[in-house]
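Q: Take this structure first; my questions come after.
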Amino acid sequence: MADEPISDDERIIQNLIAYCEDVPLKILRATSTKQLSQRLDVEGFVLGEYSNDWYGLAERTGYMTKEMRKFEQHESPTTALLNDWSTRLKMSPTVDTLLKYLVEIQRPDVVLDSEKSIRRDVEHSKQPARAPLPPKPKVPESDRYDAFVVYGNTERDIQFMKDMVHILEGEDHNIRLYVPGRDDLAGDEKYVVTAEMIANRCRRVIVVLSRGFEDSEDCDFALKLAQSLSPGAKTKRIIPILLDNVKIPLILNFVGTVNFTNPMQREWVWPRVAATIKCPLVPSIQDWQCTIDDLKNMKYDSKHVQHLLYGIGVACQEFPPEEEEEEKKGKKGEKKKKTG
């Protein structure tokens with residue numbers, strides 16, 4: 001007697017089962033899992049030995065009633081079942097096994113409805129793994145700078161920048177600065193160059209706050225980029241220099257400025273700027289924490305401590321001018337005469 005011809009739907013299911021043979025169940029992605037859950041989460045009825053819903057699938061897979069009650073507590077019992085089943089190596093957690101069980105619980109419709117999605121997932125899993133991207137080449141030390149200088153386009157800003165270059169790049173400090181307009185890379189867009197230099201080639205960013213800075217879009221872009229790379233001033237990348245008495249940008253509220261508004265005091269301030277540039281971005285704890293030997297050698301006598309505290313108090317005290325002191329003494333003397 002000749003075999004009965006199979007239908008087109010049966011042929012599709014057989015081909016899919018063969019294509020998915022020994023493919024791990026865990027390769028099913030969210031779309032396929034969602035399609036299966038939408039159909040199997042709905043309470044079914046018993047057809048033969050098993051019910052035609054997630055409960056019947058769990059029974060066919062080999063789960064006990066106690067375990068199935070845990071799946072029932074989830075929003076989607078089918079999703080919980082598939083996730084758990086994919087970790088049970090003794091229960092044959094493969095896609096072809098899932099498809100066979102769906103046919104056994106009288107749900108070929110679920111297989112046919114999810115066929116395209118499941119096939120895509122299996123095809124994706126069978127593709128060869130992509131070769132890892134080559135490591136990003138390190139920037140040569142010769143192309144690195146200690147600081148990127150952000151300055152306005154006025155004559156005053158340019159002259160201050162030239163003074164800065166002369167002092168910081170001189171023999172006393174030997175700092176390498178990247179100055180836009182002097183060190184620009186040829187052939188690239190301006191903002192692309194700025195982003196590359198600040199992000200990858202310059203350790204710090206010197207921002208000259210002046211009236212020219214307020215009117216410059218280039219300065220605004222460079223400052224915001226530098227701040228985005230150091231949110232909350234955690235790595236202290238930005239060094240703001242106050243050249244004019246202008247309003248400090250809000251994004252620099254947590255960064256201390258270096259005051260250059262008084263030309264007579266600049267000679268004292270440049271060494272501080274140079275030292276800040278040379279400091280590591282994230283200092284090691286060994287650079288500032290006391291060692292046990294330091295604590296052992298510390299003097300604990302009361303006179304030493306009193307002298308130390310007195311020195312700190314004097315250093316932090318704001319003393320009024322001498323004229324105000326004389327006026328106060330004069331007023332005190334007048335009060336004593338009146339009371340006398």
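The values are calculated or read from the model by the stated rules, or taken from the named source; none is laboratory data. Note that this is a predicted model, so its numbers are computed, not measured. Cβ sites come from the backbone with ideal geometry, for glycine too, and all protein chains shown count toward neighbours. All accessible areas refer to the heavy atoms of the entire protein, side chains included, with ligands and DNA or RNA removed. Shrake-Rupley method; radii C 1.70, N 1.55, O 1.52, S 1.80 Å.
Q: How much accessible area does CYS219 have with a 1.4 Å probe, in Å² rounded to the nearest 10?
A: For CYS219, solvent-accessible area is about 0 Å².
Q: Let me cross-check ASP163: its accessible surface, 1.4 Å probe, with only protein heavy atoms counted, in Å² to the nearest 10?
A: Counting only protein heavy atoms, the figure is 60 Å².
Q: What accessible surface, in Å², does a 1.4 Å probe find on PHE45, ignoring ligands, DNA and RNA and rounding to the nearest 10?
A: 120
Q: When the Debye formula is applied to the Cα atoms of the range 32-134, each taken as the same point scatterer, what base-10 log of I(q)/I(0) results at q = 0.11, 0.17, 0.21, 0.23 Å⁻¹?
A: Taking Cα atoms of the range 32-134 as identical point scatterers yields -0.35, -0.77, -1.13, -1.34.
Q: Taking K and R as +1 and D and E as -1, what net charge do the other residues with C-beta under 9 Å from the C-beta of PRO180 add up to?
A: -1
Q: When only DSSP loop residues count, what trypsin sites (Lys or Arg not before Pro) in the range 68-122 have their Cβ near at most 13 other Cβ atoms within 10 Å?
A: Hits after loop and neighbour filter: ARG88.
Q: For the range 195-274 and the range 49-86, compute the distance between their C-alpha centroids and round to whole Å.
A: 62
Q: Given the Cα-Cα distance of THR87 and LEU112 and 0.36 nm per residue of separation, how much length would full extension add, in nm?
A: Extra length available between THR87 and LEU112 comes to 6.5 nm.
Q: Hey, what's the range 12-81 come to in accessible area per residue, 1.4 Å probe, Å²?
A: 60
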